[in-house]
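Below you'll find the structure, written out as C-alpha cells, and then a few comments.
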Amino acid sequence: MAKHEKSAELKEKISILPDTPGVYIYYDAAGTVIYVGKAKNLKRRVSSYFNRTHDVLRTNLLVRNIADMKYIVVPTEQDALNLENSMIKEYKPRYNVLLKDDKSYPWIVVTNELYPRVFLTRQHIRDGSRYYGPYTNTAVARTVLELISELYPVRTCRIPITPEYIAKGKGRLCLQYHIKRCRGCCTGEIDSKTYQGYIDRIRQILRGETQELMNYLRTEMEQLASELRFEEAQELKDAYRLLENYRSKSVIVSQTIGDVDVFGFDDDGSNEVYVNYMHVRRGAVVRSVTLRYRRSLEESRAQILGYAMEEIRQSFGVEYDEVIVAEAPEVEISNVSFTIPRRGDKAKLLEVSEKNARQNRIDDLKHLERHNPEERTSKLLERIKSDFHLTELPHHIECFDNSNIQGTNPVASCVVFRDGKPAKRDYRHFNIKTVEGPDDFASMKEVLTRRYTRLMQEGQELPQLIVVDGGKGQLSSAVEALDEMGLRGKIAVVGIAKRLEEIYFPGDSVPLYIDKNSETLRVVQHLRDEAHRFGITHHRDRRSKSALVSELDGIKGIGPKTAEALLTHFKSVKRLREASVADITAVVGAAKAKLVTEALTNN
C-alpha cells in the first residue's frame, strides 16, 4: 500500500523515537496543534501513521497535514493517557475527539470530617477534602476501595457525625457494625484519634507510600501462619499482593498541584547541558520544551537555569509564580518562589522533566551517530580523555578480566575497543601458566606481561588506555608489569572496582566516581561486560575439555594427544560413547579405538 511521504527532517525524528510510553503531538505547516495521541511504545505507534494508507479518510487527512511532530516521554501508559487528556483540553486539536471536562475520570476522596469517609466521586467540592487520582480505569479504583475496606473499617454512612451528635446519643449501630465493617463511629464506640490512624494509613495507600503498610501485612501474615491460622493468613496474603501490584495514581495529573513550572536538567558533566521545561496548569502538564546549552566558561547548572528561565519567558510569554527545580538559580527573581522537592508529586514531576531532558540527549546522539559518526566518535573520545585525565585520545582501549572457579582452569580475557566500539577480531584469551592456585593479582601481572611483550616484539600498536577489572590490588599488579616492560607513563591504566562507579588510578587511594549518566561510564560498563562474557565463555570451554580429558586420562594406552584428538572430533563424552567403533577407528586407529570403546563401556 502507498506510504505518506514526509520531509527528511520529520522522517529523522520518527526514526529515532524511543520505545517508551509517551504522548506525541502533531503540528500542521502553520505550527498549530492538530492532534495529540498517547502510546505505550512511541516509536511503533507514530511509525504506524506513515507506513501505509489508512482505511479511515479522516486519518489520511490528518497524516497529509502533519508537518512536524514533538513528544513527551512518561513513566507509564496510564501517565500517557492522563497527559493526553490534559493536552487535548488545552489545545483542542482539530482531529481529536475532545473530552468535555475533568468528570471524564473518577477520583477517590477522603472527606474532611471528624470521622472521614472514603469513596469514589466525579465531583470536586472545595470543602477541605482530599482527592486522589484521577483513575483512568474505574475497575482499578474500585479494587483500591475494596482493598481499603478489607484492611480498615471505615464508615460508609452519610450521617454528619460531630461531637455534639455523639453526645446526644442519636446514633444507632447498624449492620455494618455487626459485620465488623465499621467500629461504631456514630455512637462513639471508637474515638476519633484511633479512627484517624486508619485514615493516615489509607492516605499512604492512595499516595503510593505502601512499603510500611506492606511490611506490617507481611509481619501479621507470618504471625498468623505460625499460629496455624492459615485461612486468615491467606486473606492478608491476598491483600499484600493487591497492594504490591497497586500503583496509586499518575504523576502527570495531581489534584494537589496547581499552576507551576518545572525545569529538569540532564547534565553529565560535558560541555552540553539539556534543560527540559514543563508547564503545569491546574495540576496537568500542558507544555514540554527542551533546550540545549553549550558551556563556554564552565557555567554552573544554577547559572544555566537562569538563562533557560529567561529564554522560556521571552519565547512563550510565561510569568512565573512557583518553579520546581533540583537547585535554585544564582540570581534572585522577584515574585517567584523556587521549590526543591524531595518526595511526593512535585518530586515525581521533576523526575519526568529530567527524563525528557535525558531522552533529548539520547535522540541527539542517535542523530549525530547517523549523520556525522566521526564527530560523534570524537566527542565520545574527548569525554573519556577528560574523565580519565589522559594526555591523548583513547582510540585504542583494552580491558582485562580474570576468570577461575575454585582455582580450576584459571584463564584471563582481553577485549579491545577501537573508537569506543568492540573490535572482536582483536579479542584474546589466555590460559594462566605460571601461577599456582587462584591468585588474581599474579594472574593479572602474567597476562599483561605476555600481552604487551608480544605486541612490542611484533611491532604492533599499543593502546592508549588499559582497564583492569578489579580494585587497587589488580591495578598494582598491572602497574608492576608495565614498570618491568618499561611502559609506565606510555600507557595509561585504571582499575574498576566492583561497583562500576569507582575508578582507581595508580598511586591514588581515593577513587574517581563517574557520573552515572556519563557516556564514559557506558563505555566502561560495555568493556567490563565484554571482558567478563568473553572470559567466562573460554573458561567454560576449558572446564568442558578438562572433564572429557580427565575421563580419557585413565585409559591405559591413551595419551594426551589421542585424548585431544578425540575431544576435537566428538566434542563430548556422550557423543564418544554413542559413536561406533568404525567412527573412532577413523580418528585414532583400530587398536586405540578398541581400548577407548572397552573402557567407556565398562565405566
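The numbers here are math on the coordinates, done by the rules we state, and not lab data. Since the structure is predicted, the reported quantities are computational estimates derived from the model, not experimental observations. Reconstructed Cβ throughout: ideal geometry from the backbone, glycine too, with neighbour counts over all protein chains shown.
What to note about this one:
- Rounded, prolate or oblate (a/c below 1.5 giving rounded, otherwise prolate when a/b exceeds b/c) for segment 18-94 by Cα gyration tensor: oblate
- Non-local Lys pairs in segment 1-82, i.e. 8 or more apart or on different chains, that have alpha carbons under 16 Å apart: 9
- If the segment from residue 484 to residue 16 were pulled out straight at 0.36 nm per residue, it would be longer than the present Cα-Cα gap by 163.6 nm.
- Taking the charge dipole of segment 344-484 about its Cα centre, with +1 at Lys and Arg Cβ atoms and -1 at Asp and Glu Cβ atoms, the residue from 381, 435, 399 reaching farthest to the positive side is 381.
- The smallest convex shape that holds all Cα atoms of segment 348-464, its convex hull, gives 170 Å³ per residue.
- Ordering of 411-418, 479-486, 177-184 by packing [mean C-beta count within 10 Å, highest first]: 411-418, 479-486, 177-184
- Estimated FRET transfer efficiency when R0 is 45 angstrom, pair residue 425-residue 272 (beta carbons, to 0.05): 0.85
- Oblate is the label for segment 112-193, because a/c, from the alpha-carbon gyration tensor with a ≥ b ≥ c as root eigenvalues, is 1.5 or above and a/b does not exceed b/c.
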